[in-house]
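Scroll down for the structure; my scribbles are underneath it.
Readers should treat all values here as calculations from the given coordinates under stated rules, not as data from a laboratory. All of these numbers come straight from a predicted model, not from anything done at the bench. Counting neighbours? That spans all protein chains shown, and the Cβs are built from the backbone with ideal geometry, glycine included.
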């Protein structure tokens, strides 16, 4: 679903009826009224071919991360084309086992070592788990961080999306995630593309499908979610995207509607930006980016679809095609794309789960890095892969590993960084950092740095007017120094 905030529809029904006198009655009107506009076909994570559609709802353009103020900033802050810095943040929900991924403990006792063997990479001296042979062949384009610390222990994506613990500044709305902060600072690259996109599939354990909160910045900077939580909607069947292409007519109708409903000032300021804001509705750029039928079938095949979905339970499916969609979104103008991949909470069957999830991740992540590289985008796009904490060194009675907050891991590539290295190390048992602990905020600070933001000087004012730094730590010097 493509969601944009635009108008209070209970007051704007006249406008939509003017588009076509044959519009059928509204249906399924709920507390958060939405408008569904049917259009071209799109293919989604579950492989089902559905009619593409655009959902329009809420009180302002800001509800989808594209406020009118954003559109103004875009004119000054953005040029044409797609040569911009971006981040693809891949969250491994549930806590991936560090010692079964990037930090194999070959010399540890069997009850710690587990079933996997280490394999060589194309960087001498760096070895990773055997389930990642394709990533091993491009280790020179990435770095592994084996000593991530600062995990709060919450079963959520908050720290991976913002760097902060969930309770920070809750009295004023909380800390904004990376995508929201970047939206505030830079605005859109293109007025018709949201700068901050969340592809996380809705999960039964809801925090694992978080795409990053806007915090004290408010709803205007929330991530745009193409397949967000379902809400009751009112459907205007027969109004296609093609029927919305006449921008002049739309603008004229909005002008007329404004005279009817602007008692509360809802449409104030629309004159200056109306035409540009309507680009969001009439441009096909966003829909095209999400429509994988427009991609080269050979490229789609390289990513795979991640099926069959195994060990999903209350978590996310292994949607390999989401990584391809992320590349297409960045190419179209997105600055930050966040997604949740798999369900890594391996209290039981840890090794079977890692074989399944790991091999699928190896396929799509290596395809993404190769894709960005051949398109000349890798130096501008940072890809980070990590979870909320690590797993216990000792294997439990169910062949699983339990929660372990003392140390975790991350895999990071692109962004113009000094790659081809392993940063930090744990002790022989994989319990704690033995060398160079890297705080989670250092990883987030590195993402900001790669986006062109100096975290030592840049602040965003909170609702009280007080300037707030984005993070409390500096970027990782080994990668950016």
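Taking 7 Å steps out from each Cα toward its Cβ at residue 425 and residue 403 produces label points 3.1 nm apart. For the range 420-443 versus the range 200-221, the inter-centroid distance based on Cα atoms is 28 Å.
Among 285, 184, a tally of other beta-carbon atoms within 10 Å of each Cβ gives an order, fewest to most, of 285, 184. Computed extension gain for residue 202 through residue 352, at 0.36 nm per residue and net of the alpha carbon distance, reaches 51.6 nm.
Over the range 306-425, all Cα pairs binned in 5 Å intervals from 0 give whole-percent P(r) values of 2, 10, 18, 21, 19, 15, 10, 4, 1, 0, listed from short to long. By other beta-carbon atoms within 10 Å, ranking 98, 439 with the fewest at the front produces 439, 98.
Listed from fewest to most Cβ neighbours within 10 Å, the set 202, 343 follows the order 202, 343.
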